[in-house]
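Trainee: This is the structure I want to talk about, given as structure tokens.
The values are calculated or read from the model by the stated rules, or taken from the named source; none is laboratory data. On a predicted model such as this, the values are computed, not experimentally measured, just so you know. FYI the Cβ positions are ideal-geometry reconstructions off the backbone, even for glycines, and counts take in every protein chain you see.
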Amino acid sequence: MRRFIFIVSVALLSFVTFSCSNCCGEGELNHNYMWFDCEANYRTLSEPDSIRFYLEKCKNLGFDNVVVDMKSIMGEVLYDSEIAPYMGDWEGVVRDRNYDMFGYFLEYGHELGLRVFGSLNVFAGGHNYFDRGIIYGDKAHWQSICYEKGQLVPISSIKTNYNGMLNPANPEVQQYQIDILKEFVRKYPEMDGLIFDRVRYDGVTADFSELSKKLFEEYSGLTVENFPEDILSWYDEDGNLRETWVPGKYGKKWIEWRANVIHDFVVKAHEELKAINPELILGDYTGAWYPTYWQLGVNWASKEYDPYQVPEYQAWATEDYYKTGYAEHLDIYMTGLYYSLITKDDVDKATGVVGQRSEAGMDNSLTYCYSVEGGAELAKEITKGVVPVIGSIYVEQYIGDFTPFGPAVEQALKSTDGVMIFDIVHLNKHHLWDVLEQAMKTANN
């Protein structure tokens, strides 16, 4: 049985020390994480020797933690589940149901002194580019209903969006996901931690089902007579379709309700998983762009942070929005610093938007938030020191010019409590292992 002593200094969160009596030996472990995506690495991780090879590579570069994606965006899992469908094939590669990929990660990772985390995509249920996933089967009624361009449509019909997301407010969906999380934790008691991914809505246009209307009315005490226009409107006063949506008269309360849905789910998951394994390290992975992340129904801040006190946030934050913050229910928090600009000085020098802004909830503002340094500072500010903040770097943010990749890693290590790299497939594809190694060495000197 592993024992972890979790020591967090609120004043100085420069590092967190864990004692691990079985797998890791004595000494300190850093907060550097390498992510293994389940779909992109399906072929690579179908051989135990390949798993060992990449774990050794990560260890040699200074990573003491790996995160293994075990439930895809299709709602299929990579272990033998009695609840969720098994992901037995991908892009022509077939795996036997008895292939215990995560078991190999645990065995080899612990031999090397690595902590091994599982990750599950929670409210994801389909890949719309492949018409595959649980929303294309017997769980079709769980998919998000989106209010797109003035029309209510199932998310599976929106082929410009690969994420076939579920409705997080649906109690059946929530219980199904909790059951899967609990099954996974019970199946792998030697797992060091679990990272939640996609514990969110698809975006501001989801979910507008009749069930969500009913649940919102129960929460708010309001009667929504003109749904969904009283929440979000695509039409002007003359009934003409707008180019973009505008909030309706109950829009802010709706935003609060959605954030409360996610908050309550995180709290419940935390309680039920800790009841199974009190030593399990629980984390969450979200985007760092907090000023617009409300569109995804997520408030990853501390309850001690009140966005209503920030004048520019009052356009969307209610006086009670701060109550939906859930950072206190996490042991680690991974914040996606998906920015091509590295420092705040880079923002000052920029004359327009630089790099990709394609992630859900992003906008085109030219602010410090949209730099690795500024985004990290904001994440640290609003989590109030209650949880270590791990700066997460998406390798292909720099596709076309990987020059800023190394500096981005260095800045994340400088400005947060560690770094997470997403993902090994991009390091392989673009031959960036040496660049990463140099960045890690530079940051640690």
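Trainee: Checking the condition without any contact (Cβ under 8 Å) to a residue 60 or more places away in the chain and in a loop (DSSP other than H, G, I, E, B), which residue from Tyr99, Tyr79 passes?
Mentor: Tyr99
Trainee: Suppose we filter Glu218, Glu190, Glu210 for residues that are surrounded by fewer than 17 Cβ atoms within 10 Å (Cβ to Cβ) and closer than 30 Å to Glu107 by Cβ; which single one remains?
Mentor: Working: Glu218 fails: closer than 30 Å to Glu107 by Cβ; Glu210 fails: closer than 30 Å to Glu107 by Cβ.
Among Glu218, Glu190, Glu210, only Glu190 is surrounded by fewer than 17 Cβ atoms within 10 Å (Cβ to Cβ) and closer than 30 Å to Glu107 by Cβ.
Trainee: Going through segment 236-283 one residue at a time, which ones are of a type in the set (Val, Ile, Thr) and under 19 Å from Asn170 (Cβ atoms)?
Mentor: Ile255, Val261, Ile262, Val266, Val267, listed by residue number.
Trainee: With the requirement that a residue be assigned to a helix (DSSP H, G or I), small (Gly, Ala, Ser) and under 20 Å from the mean Cα position of the chain (by Cα), what does segment 395-424 give you?
Mentor: Residues satisfying the conditions are Ala408, Ala412, Ser415.
Trainee: I need the full set of residues from segment 153-172 which are touching a residue at least 24 places away in the same chain (Cβ under 8 Å) and outside any helix (DSSP H, G or I), in order please. Walk me through how you get there before you give the answer.
Mentor: Within segment 153-172, the subset touching a residue at least 24 places away in the same chain (Cβ under 8 Å) is 155-156, 158-159, 161-170, 172.
The answer is Ile158, Lys159, Asn161, Tyr162, Asn163, Gly164, Met165, Leu166, Asn167, Pro168, Ala169, Asn170.
Trainee: I would also like to ask the following. Return only the number of the condition from (1) under 30 Å from Asn65 (Cβ atoms); (2) in contact with a Ser or Thr (Cβ under 8 Å, 6 or more places away or on another chain); (3) in a strand (DSSP E or B); (4) of a type outside the set (S, T, N, Q) that Gly125 does not satisfy.
Mentor: That leaves (2) as the condition not met.
Trainee: For residues in segment 134-152 being without any contact (Cβ under 8 Å) to a residue 60 or more places away in the chain and surrounded by fewer than 18 Cβ atoms within 10 Å (Cβ to Cβ), which is nearest to Asn240 (Cα to Cα)?
Mentor: My answer is Gln151.
Trainee: So, one more: Tell me which residues, restricted to segment 107-129, are within 22 Å of the chain's Cα centre (by Cα) and over 21 Å from Tyr285 (Cα atoms).
Mentor: The answer is Asn128, Tyr129.
Trainee: Hey, another quick one. Could you grab the pairs with beta carbons closer than 9 Å, sequence gap of 6+ or different chains, first residue in segment 418-435 and touching a residue at least 60 places away in the same chain (Cβ under 8 Å), second one of a type in the set (Lys, Arg) and crowded, with 22+ Cβ neighbours inside 10 Å?
Mentor: So the pair list comes out empty.
Trainee: Same structure, new question: Go through Gly92, Gly27, Gly109, Gly75 for me and flag whichever is under 28 Å from Gln174 (Cβ atoms) and either surrounded by fewer than 15 Cβ atoms within 10 Å (Cβ to Cβ) or at pLDDT 95 or above (or both).
Mentor: Going through Gly92, Gly27, Gly109, Gly75 in turn, just one is under 28 Å from Gln174 (Cβ atoms) and either surrounded by fewer than 15 Cβ atoms within 10 Å (Cβ to Cβ) or at pLDDT 95 or above (or both): Gly75.
Trainee: Residues of segment 271-294 being closer than 27 Å to Ala206 by Cα, of a type outside the set (Gly, Ala, Ser) and either crowded, with 24+ Cβ neighbours inside 10 Å or touching a Phe, Trp or Tyr at 6+ places or on another chain (Cβ under 8 Å) (or both), which ones?
Mentor: Leu282, Asp284, Tyr285, Thr286, Trp289, Tyr290, Pro291, Tyr293, Trp294
Trainee: Still on this structure, please answer the following. Take residues that are more than 26 Å from Gln314 (Cβ to Cβ) and tell me which of the strands (runs of 3 or more DSSP E) falling wholly in segment 173-260 contain 2 or more.
Mentor: Output list reads 193-197.
Trainee: Of the residues in segment 127-160, how many are touching a helix residue (DSSP H, G or I) at 6+ places or on another chain (Cβ under 7 Å) and within 16 Å of Leu296 (Cβ to Cβ)? Quick ask: steps written out before the conclusion?
Mentor: If we filter segment 127-160 for residues that are touching a helix residue (DSSP H, G or I) at 6+ places or on another chain (Cβ under 7 Å), which is where we start, we get 128, 135-136, 142-144, 146, 156.
If we keep only those that are within 16 Å of Leu296 (Cβ to Cβ) as well, we get 144, 146.
Residues flagged as touching a helix residue (DSSP H, G or I) at 6+ places or on another chain (Cβ under 7 Å) and within 16 Å of Leu296 (Cβ to Cβ) within segment 127-160 amount to 2.
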